[in-house]
Amino acid sequence: MTIQWYPGHMAKARRQIRESLKLIDLVIELTDARIPQSARNPDIPEIHNKPYLLAVTKSDLADPERTRIWLEYWREQREKVVLLDLLSGKGIQKLRTEVRRSLPHLKRNPRVLVVGIPNVGKSSLINRLTGKSGTRVGAKPGVTRGKQWINARGLQLLDTPGILWPKFDDQEAAKKLAVTAAIRDEILDLEEITYWLLDYLQKNYPDLLMERYQLDGIADDLETIFDQIGRKRGCLRSQGEIDRLQTAQLVLKDFRSGLIGPITLELPKKE
Ligand SMILES: Nc1nc2c(ncn2[C@@H]2O[C@H](COP(=O)(O)OP(=O)(O)OP(=O)(O)O)[C@@H](O)[C@H]2O)c(=O)[nH]1
Ligand SMILES: [Mg+2]
């Protein structure tokens, strides 16, 4: 099911997260290592009233040098952060350790809620934590409307993660969310966001762009870069003109699967 973020849906999501917060000991907020700031949503400040960890997913797709800068920034901000690669499972053990360490006086297994924007890795994280032995256990007393806990080897996870909606009001953030697939392609102008991505790569990662598409140099204007890529990769219509949609889809697919290289689309904002 795809979610359109009308105000009604946001209100409902917010209400559900607030309900869940009453039941749990700790929140794990997920963010995407390629857009660590834009993938967070400050609209529900209550999530920070609980013991809380920031789990940074898709570190395998991010620029390690920039990830280092982010980790340093979060250290200064006194945020508790764990870096994850949910494809390989890297960081999962550290996350478990950090959860326990955050709740030193808790005698039972911690009750944990995972929250994050669409596509950030909530289900992947829950699967990693539960492994194959993940079993659904019956609704516990005080758990409203059939919420279920999943036993996850020493943690109890609420079975439905909290879905945060992406930031739409900030145009720059919206572009980053779009290229990382946090916003459904169906509602986007793919050509426009591909231009945005190419503009960013031209300025920040020209070598990766040249390498991936075997370009001899990086043209000044994006139109030329776009056309060169389309031509090189055979995204052509019958009359030999560039198939713009196909080119856009190809570039986005390459970026999202890491084929252009490890890339991070933002750095911490200097105050
Ligand atoms: N490379 C890489 N891909 C990841 C990582 N974590 C998640 N993914 C991929 O990202 C996509 C979305 O992951 P999900 O776990 O379904 O994300 P979600 O937050 O549950 O998404 P929704 O249920 O749609 O809100 C999947 O294709 C995952 O395989 C990661 O650490 N690295
Ligand atoms: Mg999911």
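The values are calculated or read from the model by the stated rules, or taken from the named source; none is laboratory data. Just so it is clear, the model here is predicted, and its values are computed rather than measured. When we count neighbours, we look across all protein chains shown, and the Cβ atoms used for this are built from the backbone with ideal geometry, even at glycine.
Of all residues in the stretch 39-98, count the ones that are free of Cβ contacts under 8 Å to residues at least 12 places away in the same chain and acidic (Asp, Glu).
Within the stretch 39-98, residues that are free of Cβ contacts under 8 Å to residues at least 12 places away in the same chain and acidic (Asp, Glu) number 3.
Which one of these is among the polar types (S, T, N, Q) and part of a strand (DSSP E or B): Thr31, Thr67?
Numbers: Thr67 fails: part of a strand (DSSP E or B).
Within the list Thr31, Thr67, the selection yields Thr31.
Which number in (1) of a type outside the set (Asp, Glu); (2) closer than 15 Å to Gln249 by Cα; (3) modelled with pLDDT under 95 marks the one condition that Gln148 misses?
Unmet for Gln148, out of (1) of a type outside the set (Asp, Glu); (2) closer than 15 Å to Gln249 by Cα; (3) modelled with pLDDT under 95: (2).
Quick one: would you say Leu113 is touching a Leu at 6+ places or on another chain (Cβ under 9 Å), modelled with pLDDT of 90 or more and in a helix (DSSP H, G or I)?
No: the conditions fail for Leu113.
Answer yes if at least one residue in the stretch 133-142 is within 16 Å of ligand 1 (Cβ to nearest atom) and modelled with pLDDT under 75, and no otherwise.
Among the residues of the stretch 133-142, at least one is within 16 Å of ligand 1 (Cβ to nearest atom) and modelled with pLDDT under 75, which makes the answer yes.
Name the one entry in Leu267, Leu155, Leu259, Leu245 that is under 23 Å from Leu86 (Cα atoms), over 17 Å from the mean Cα position of the chain (by Cα) and surrounded by fewer than 16 Cβ atoms within 10 Å (Cβ to Cβ). Spell out how you get there, then give the answer.
Details: Leu267 fails: over 17 Å from the mean Cα position of the chain (by Cα); Leu155 fails: surrounded by fewer than 16 Cβ atoms within 10 Å (Cβ to Cβ); Leu245 fails: under 23 Å from Leu86 (Cα atoms).
Residue meeting the stated conditions: Leu259.
For Lys167, all conditions in the list (1) within 16 Å of ligand 2 (Cβ to nearest atom); (2) surrounded by 20 or more Cβ atoms within 10 Å (Cβ to Cβ); (3) at pLDDT below 95 hold save one; what is the number of the exception?
Every listed condition holds for Lys167 apart from (1).
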